Amino acid sequence: MATLVTGGAGFVGASIVKVLARAGHDVICHDLSGPDQLLTEFIGEYSPKVSFAQGDILDRDAVERLGDEHQIDKIVHAAVFTVNRVELEKQRSRDVIGINIEGTANLLELARTQHVGRFIYVSSGAVYGAASQPDQTLNEDVAAVPMNLYGISKYASELLARRYGQLHQFSTASVRLSTPYGPMERVTGHRDVMSPFYHWTGQVVRGETIHPESLEQGRDYTYVVDIADGIRAVLDATALPHDLYNITAGIWVTFQDILDELTALSPSTRIGDTVNGQSQIQNAGPGRRPLSGHRLHQDLNWTPNYDLNAGLAEYLKWRRDTPFLD
């Protein structure tokens, strides 16, 4: 029996595939794009546990054929259209809804027909939107108030997953991710605004001067390997007391914190004056508080393995060892 990971060639998906293969899963890595050298080298020694399937999650017949071609016991649905800019949200509104909602429905149908043991929907902290808990972290009981099509589509898919599981009697859970950083972040057709970690580690490797637009902005950044391992914990749990979990380091990280760690790890890092302007660097958004990881720790005894220093050190090494076009 195998575990299907959709969006497996993507930023978060690639780490999910690798972490699950390392944990002993036979993984089917499904993506709109076929595996390239960057992905296969990233999976590395765990490649014997991974097979690849190329296809579109909007193609109902193709998704159904996955069940004919593979014995699928579990599904991690991580394929997504990530939208970080209002202009892109306007231009691709229908695509966001189609990929993020209709695609989920197609995968849930596959889960139903294959009688899977568990279906994990990879959601986002974006569903909290305008939710506010001043000076507190956001736990799973806080009402979702998504403010854009991305957050709305993620929340709708959470509800779809829950109801499908209830109706057709298979285990489902949604995991809301805090903001990931780390290996395999790159520009794709479904992701075009990169994190400051991506931009600034690239500039360090190339010997360029970093000119941040802000030092005070921040997010609850979490190393992508920790995020993948949290998903593994939910996927493999014998029983789940809840069907919704945040996966997060639970710590607010400012741009100044990132630059301080970069300088400590690479003393040759050059940081220039802050500049004003519109860049392609992912910003902090509407000021959401950090997510709380208490439920996941309480239910499954899971905690992240990487602090900012350890995560950034590993990522910076990967950027040095794995040159690719920015």
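The table below lists the values:
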quantity	calculated
Average silhouette area of region 202-255, convex hull of alpha-carbon atoms, in square nanometres	5.4 nm²
Sequence-distant lysines (8 or more away, or on other chains) whose Cα lies within less than 20 Å of K49	K18, K74
In nm, spacing of pseudo-spin labels at Q54 and A143 (7 Å Cα→C-beta vector)	4.7 nm
Value of Rg/Rh across region 97-146 [Cα atoms, Kirkwood radius]	1.13
Stokes-Einstein D for region 83-166, Kirkwood Rh over Cα pairs, 37 °C, 0.692 mPa s (µm²/s)	235 µm²/s
Gyration tensor (Cα) of region 128-279, equivalent ellipsoid semi-axes in angstrom	34, 17, 15
Where the Cα pairs of region 2-82 fall when distances are cut into 10 Å bins, in %	20, 58, 22, 0
Chain lengthening between K90 and N305 when straightened (0.36 nm per residue, less Cα-Cα)	73.6 nm
The chain - Rg and Dmax from Cα coordinates, angstrom	19.0, 58
Max mean-square fluctuation residue, GNM over the chain, Cα-Cα springs under 10 Å, options Q166, Q114, Q37	Q37
Spacing of the two label points (7 Å from each Cα toward its C-beta) at A130 and L215, in nm	3.3 nm
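Computed from the coordinates by the stated procedures, all read-outs in this text should not be read as laboratory data. The shown structure was predicted, so the numbers you read here are calculated from the model rather than taken from an experiment. Ideal geometry is used to build each Cβ from the backbone, glycine not excepted, and the neighbour counts take in all protein chains shown.
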